[in-house]
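Reading through the structure tokens given below for one structure.
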């Protein structure tokens, strides 16, 4: 059934007076990591990025700290969805936490529900969903439709969604990165900014964005 004439006229009037601005393809959030930004430009906005952390001490925490650094500089509010309540704020500089919303969850199911809500929050510029300690069975049980729903939720936004997983699990990811080399015990004595600067995430997938969303 077509909308009533007054409603259709109102929509037409609003479209004329307040035309939507198409979002350009290729929008990114630079990470400040030369090895990554030189290849991808950064993390795609309006898209899902999967970061596969397949080894202990491979740099997942360093990657998060780097993202906190660049979003603090860019004044972009960030949310961390912590699926196992394992984030240790005391190990990060206080200045990197003032723009962070920390969502503490008691399991994968709660974390996925939080992600479904926060990806629709226009006040956020970055959402990190930490599933690195999620059981493989839980990730396998998560339907592909859920990940595609998250992708559709972020497409019309300027938000970057990063999901950290123990192995490749997200079919809708536009960008998939991998950290697989564990740091040696000797390397852990280096300053964390220096360690972060040496991170070399491997690009496993990089899909071209579809046409811009109005």
| remark: Filtering the range 82-116 for residues that are closer than 21 Å to residue 30 by Cα and in contact (Cβ under 8 Å) with a residue 24 or more places away in the chain leaves a count of 7
| query | In the range 82-101, how many are closer than 19 Å to residue 191 by Cβ and surrounded by 15 or more Cβ atoms within 10 Å (Cβ to Cβ)? | reply | 3
| Single residue of the range 118-129 satisfying the filter (touching a residue at least 40 places away in the same chain (Cβ under 8 Å) and either surrounded by 19 or more Cβ atoms within 10 Å (Cβ to Cβ) or under 11 Å from the mean Cα position of the chain (by Cα) (or both)) that is nearest to residue 43 (Cα to Cα) | 126
| field | Single match in 183, 210 (criterion: modelled with pLDDT under 80 and under 27 Å from residue 112 (Cα atoms)) | value | 210
| field | Yes/no for residue 132 being touching a helix residue (DSSP H, G or I) at 6+ places or on another chain (Cβ under 9 Å), touching a residue at least 40 places away in the same chain (Cβ under 8 Å) and more than 19 Å from residue 40 (Cβ to Cβ) | value | yes
| note | By residue number, the members of the range 129-146 that are in a helix (DSSP H, G or I) and in contact with a strand residue (DSSP E or B) (Cβ under 7 Å, 6 or more places away or on another chain) are 139
| said: Given (1) touching a residue at least 12 places away in the same chain (Cβ under 8 Å); (2) within 15 Å of residue 203 (Cβ to Cβ), identify the lone condition not met by residue 38. | reply: (1)
| task | Scan the range 70-90 for residues that are within 18 Å of residue 115 (Cβ to Cβ) and not in a strand (DSSP E or B) and report the count. | result | 8
| request: Please go through the range 12-50 and pick out each residue that is modelled with pLDDT under 60 and closer than 26 Å to residue 123 by Cα. | output: 14, 15, 17, 18, 19, 20, 21, 22, 23, 24
| field | Residue within the range 51-69 that is without any contact (Cβ under 8 Å) to a residue 60 or more places away in the chain, touching a strand residue (DSSP E or B) at 6+ places or on another chain (Cβ under 8 Å) and either assigned to a helix (DSSP H, G or I) or surrounded by fewer than 22 Cβ atoms within 10 Å (Cβ to Cβ) (or both) present | value | yes
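The values are calculated or read from the model by the stated rules, or taken from the named source; none is laboratory data. Fair warning: this is a prediction, and the values are worked out from it, not measured in the lab. Methodologically, a virtual Cβ is constructed for each residue, glycine included, from the backbone with ideal geometry; neighbour enumeration extends over all protein chains shown.
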